[in-house]
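A short worksheet on the structure shown next.
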Amino acid sequence: MCGIIGLHLRDPELHPMLGRLLDDMLCGVSERGPDSVGVAVYGDDRRNPGGQAAVSVLRAPGDLDRSVAALLPGTPDVTASRAGDTTVLTAPVTGETLAAAVTAAAPEALVVGRGDDVVVYKGAGHPQDLARTYGLREVSGWQGLAHTRMATESAINPEGCHPYSVGPDQCLVHNGSFSNHATIRRELERRGVTFDSENDTEVGARFVAACLADGDDLEKALLRLGETFDGFYTLLVTTADGFAVVRDEIACKPAVIAEHPRWVAMASEFRALAELPGIGEARIFEPDPGKVYTWQR
């Protein structure tokens, strides 16, 4: 069982409140997944300064910032901050360049997020404890999502947490199961796509990333996913300018969307949305089976 929350802020006046709103929403789905939590936040200049990229890393050695800086052109300043199991490196280079330097400097480390606007945190433990570890209530920005997990088919560890962030500023969280993921994994591997785990969610995330890299917009990428993947699922996908929700054609996994002039939110349960500002004026609905819902920044 899993819990999903996501919040896309349309009103810049709400940006300083992003972390507090996400933390309140997280309380509403913690019981759905008390084993671990992953969080992604967009637009926090204190964690990912303008003109720089951020890379989130698990299993990072203590001197990673120095060894990465030595591999970058011009040896720029690399800043490292640690929150629980996650180390975030920032530097004035592209996310791809920074991620490649991390992999070269520390092959044992695992890159779990990269981009110009997003920071990803992952860890095992109770969601509310980890939210404090990440300093979630202090976050500002324009978009965020989180995923709580009760592991049923794989180990309880940070590596198994969602979101899966396998493309620049792209994140995907998933409640459900893809039954034909092994077949699709082999097809992607033939195209040169590499994987970090055996998780079916990673297959979905890399499929979406490949579609976006091919030039699809977010809606088309998720329509292609629905045509390709078998199984049951609710997905929330975010990018540097988009926020999208889709369920499979049976729609047995829960999802609720609330749309307000100042924000759009999605959660596995309504109680996660109940304290959002102006919820009484929001349009609240259950997303239709097989339909892709998208919003742009």
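No value in this document is a laboratory result; all are computed from the given coordinates. For clarity, every value in this text was computed on a predicted model and none was experimentally measured. A quick note on method: Cβ atoms are made from the backbone with ideal geometry, for glycine too, and the neighbour counts reach across all protein chains shown.
Numbers below:
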{"read-out": "Computed log₁₀ I(q)/I(0) - Debye formula, equal Cα scatterers, no solvent, the stretch 155-297, q 0.12 Å⁻¹", "value": "-0.49"}
{"read-out": "Residue order, fewest to most beta carbons within 10 Å, for 257, 156", "value": "156, 257"}
{"read-out": "Likely footprinting exposure, 253, 122, fewest C-beta neighbours within 10 Å first", "value": "253, 122"}
{"read-out": "Gain in span if fully extended, residue 126 to residue 94, counting 0.36 nm per residue against the direct Cα distance", "value": "8.2 nm"}
{"read-out": "Length-normalised contact order of the chain in % [C-alpha pairs under 8 Å, at least 6 apart]", "value": "24 percent"}
{"read-out": "Along each principal axis, Cα extent of the stretch 49-116, largest first, Å", "value": "26, 21, 16"}
{"read-out": "Length-normalised contact order of the stretch 49-116 in % [C-alpha pairs under 8 Å, at least 6 apart]", "value": "49 percent"}
{"read-out": "Largest-first ellipsoid semi-axes for the chain, taking √(5λ) over the Cα gyration tensor eigenvalues, angstrom", "value": "28, 23, 18"}
{"read-out": "Chain lengthening between residue 194 and residue 59 when straightened (0.36 nm per residue, less Cα-Cα)", "value": "46.7 nm"}
{"read-out": "For peptides 263-275, 33-45, 128-140, sequence by mean Cβ density within 10 Å, most packed first", "value": "33-45, 263-275, 128-140"}
{"read-out": "Under 21 Å from residue 291, Cα to Cα: lysines that are on another chain or at least 8 residues apart", "value": "220, 253"}
{"read-out": "Intensity falloff of the stretch 204-271 expressed as log10 I(q)/I(0), Debye formula with alpha-carbon point scatterers, at q = 0.17, 0.19, 0.26 Å⁻¹", "value": "-0.66, -0.81, -1.22"}
{"read-out": "Shape call, the stretch 91-212: gyration tensor on alpha carbons, a/c limit 1.5", "value": "oblate"}
{"read-out": "Cut-off 15 Å, label 7 Å out along Cα→Cβ of residue 10, residues of the stretch 269-293 by amide N", "value": "277-285"}
{"read-out": "Whether the stretch 157-235 is rounded, prolate or oblate, judged on the alpha carbon gyration tensor where a/c under 1.5 counts as rounded", "value": "rounded"}
